[in-house]
Amino acid sequence: MSYSDKVLDHYENPRNVGALEADDASVGTGMVGAPACGDVMKLQIKVNDAGIIEEARFKTYGCGSAIASSSLVTEWVKGKTLDQALAIKNTAIAEELALPPVKIHCSILAEDAIKAAVADYRNKHEVVGTGYAACDPTVA
Amino acid sequence: MPKLPIYLDYSATTPIDPRVAEKMIPYLTEKFGNPASRSHAFGWDADQAVEQAREEVAGLVNCDPKEIVWTSGATESDNLAIKGAAQFYKGKGKHLITVRTEHKAVLDPMRELERQGFEVTYLDPEPNGLLDLDKFTAAIRPDTILASVMHVNNEIGVIQDIETIGEICRGKGVLFHVDAAQSTGKAPIDLARLKVDLMSFSAHKTYGPKGIGALYVRRKPRIRIEAQMHGGGHERGMRSGTLATHQIVGMGAAFRIAAEEMATENERIRYLRDKLWAGVSTLDEVHLNGDMQRRVPHNLNASFNFVEGESLMMAIKDLAVSSGSACTSASLEPSYVLKALGRNDELAHSSIRFSIGRFTTEQEIDYAVQLLHKHVGKLRDLSPLWDMHRAGVDLNSVQWAAH
């Protein structure tokens, strides 16, 4: 598989790797994918009082493009409102990273991870969400 | 520091041994004759070279040179053996037996025969990759005409007991085909003793050129096959097409070297493989795939749990290896061989095959071990599954959303 320089850059220098305190009320955690499918993404967002995502962290089990997709979205969600974060589409991720067609599912997974993290945050704050339940991208 | 990248994918293909290449070159230029030309010295010279190579190939596997049929490679040999024998003997029955861990060059001809109205039993191997011979015997029916079991598996390197399987087949009147693409020069083959009727060979897995192989077709008792390629009636009608003299010369030279050197070479390779395994098995959660004892010394297949194979290969890009990860295949399915062993999908996705060969050095193995130690840890630091494992979460108890 030949990857774009952007994928290689995110793979070799992944941004925002790590974990936030999942029990913290200001943190939303989304975990999507399945080990049997070869990729699992965990995305966490920390939302400030103004409703802005001020921090994001990820951990990913998966191929190079899955790692790059999740690394990229941690950069993209930062500074955005929840609704702005939800507006990030997999096509934009795939385009930014120039993912080959067989790797488009990695960008879909990254989009799902954002939705799951936002849903988890909103559940904690009892906001009626978008219909996405954490850890279950298939519910929508 | 060894020269990079380091080639550890000898089961995919091998370089041509320089001694082999040297033998081939004259047959590309001045000795260019068609071995089928009976009327002049150009043809005679080429024919003599082809027949000498036939003896060299027969020499490695201890058969009569007349039992060797040249083909374009092991895939063609498998097709010719399986489809050719099934079509010739279909009056006796239309049932065949094979194993789920066979190479696609065996499984796909079987699928084709199913389309033609044959019935095929696909046996599951045991978790160590080896065939349970009682299960094999039980699968034989009165209408079984052929069984095909590979000698050495391409992914996990395990050696099937073709000696006993051959006895069982002969006792039941079932033809026995063996795909030996991965075993020449690695495991001894004695066709005078083995009850094997058809055996497929490849040159390029044994330091010969690509594009040439052979099929052994037993003469006593005589095995008949229907040709799959029709033309000038070359190779006693079994495989038409002008013989590729230079390729054949290369295969002969490569198999002669294998016969002469395999005993000493395999000891050196076994030392390197054992050193590689000793080095990587000190990492946590590394699982060997396939039996360690009944295995060629060249192969190590291990799963680095909680690390996905393709991303590991990216990390260790200085090593040319292969993976059973779905991400390395177009189908997005992990290795069917590892799944047939009962390995779960995670371990199949996390597998790396290292295959060691004639030109691998100890320095390269040391470098590989060092690289793996560095990068497996780095990728696990990125892995949510590793965190969960360390927190004591049983990943099988988690309800994952399939996608």
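Observations on the structure shown:
- Filtering the stretch A:1-19 to residues that are outside any helix (DSSP H, G or I) and in contact with a Leu (Cβ under 7 Å, 6 or more places away or on another chain) leaves A:Ser4, A:Pro14, A:Val17.
- Condition check for A:Ala22: assigned to a loop (DSSP other than H, G, I, E, B), small (Gly, Ala, Ser), closer than 24 Å to B:Asn305 by Cβ and more than 9 Å from chain B (Cβ to nearest Cβ): yes
- Any hit, the stretch B:179-188, residues being touching a Phe, Trp or Tyr at 6+ places or on another chain (Cβ under 9 Å) and surrounded by fewer than 24 Cβ atoms within 10 Å (Cβ to Cβ): no
- Meets criteria (within 11 Å of chain A (Cβ to nearest Cβ) and under 30 Å from A:Ala68 (Cα atoms)) for B:Ser303: no
- Verdict on A:Ala34 being touching a helix residue (DSSP H, G or I) at 6+ places or on another chain (Cβ under 9 Å) and free of Cβ contacts under 8 Å to residues at least 40 places away in the same chain: yes
Each row is one residue, and each column tells you yes or no for (1) under 22 Å from B:Leu382 (Cα atoms); (2) within 14 Å of another protein chain (Cβ to nearest Cβ); (3) surrounded by 24 or more Cβ atoms within 10 Å (Cβ to Cβ).
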| residue | (1), (2), (3) |
| --- | --- |
| A:Thr60 | yes, yes, yes |
| A:Lys78 | yes, no, no |
| A:Asp83 | no, no, no |
| A:Asn90 | yes, yes, no |
| A:Ala98 | no, no, no |
| A:Ala113 | yes, yes, yes |
| A:Val118 | yes, no, yes |
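- Test: residue in the stretch B:194-205 that is touching a helix residue (DSSP H, G or I) at 6+ places or on another chain (Cβ under 7 Å), surrounded by fewer than 21 Cβ atoms within 10 Å (Cβ to Cβ), not in a loop (DSSP other than H, G, I, E, B) and not small (Gly, Ala, Ser): no
- Residue match in the stretch A:42-56 (condition: outside any helix (DSSP H, G or I), within 12 Å of another protein chain (Cβ to nearest Cβ), in contact with a helix residue (DSSP H, G or I) (Cβ under 6 Å, 6 or more places away or on another chain) and modelled with pLDDT under 95): no
- Some residue of the stretch B:146-153 being surrounded by fewer than 22 Cβ atoms within 10 Å (Cβ to Cβ) and either touching a residue at least 24 places away in the same chain (Cβ under 8 Å) or farther than 28 Å from B:Gly233 by Cα (or both): no
- Residue within the stretch B:341-351 that is within 14 Å of another protein chain (Cβ to nearest Cβ), among the hydroxyl-bearing types (Ser, Thr, Tyr) and more than 30 Å from B:Val99 (Cβ to Cβ) present: no
- Any hit, the stretch B:71-81, residues being farther than 27 Å from B:Gln116 by Cβ and not small (Gly, Ala, Ser): no
- Only strands (runs of 3 or more DSSP E) whose full extent lies in the stretch B:285-363 are considered here, and none of them has at least 3 residues that are in contact (Cβ under 8 Å) with a residue 12 or more places away in the chain, touching a Cys at 6+ places or on another chain (Cβ under 8 Å) and surrounded by 19 or more Cβ atoms within 10 Å (Cβ to Cβ).
- Flag if B:Arg236 is part of a helix (DSSP H, G or I) and touching a residue at least 60 places away in the same chain (Cβ under 8 Å): yes
The values are calculated or read from the model by the stated rules, or taken from the named source; none is laboratory data. Keep in mind it's a predicted model, so treat the numbers as computed, not measured. Because the Cβ atoms are built from the backbone with ideal geometry, glycine has one as well, and the counts that use them run over all protein chains shown.
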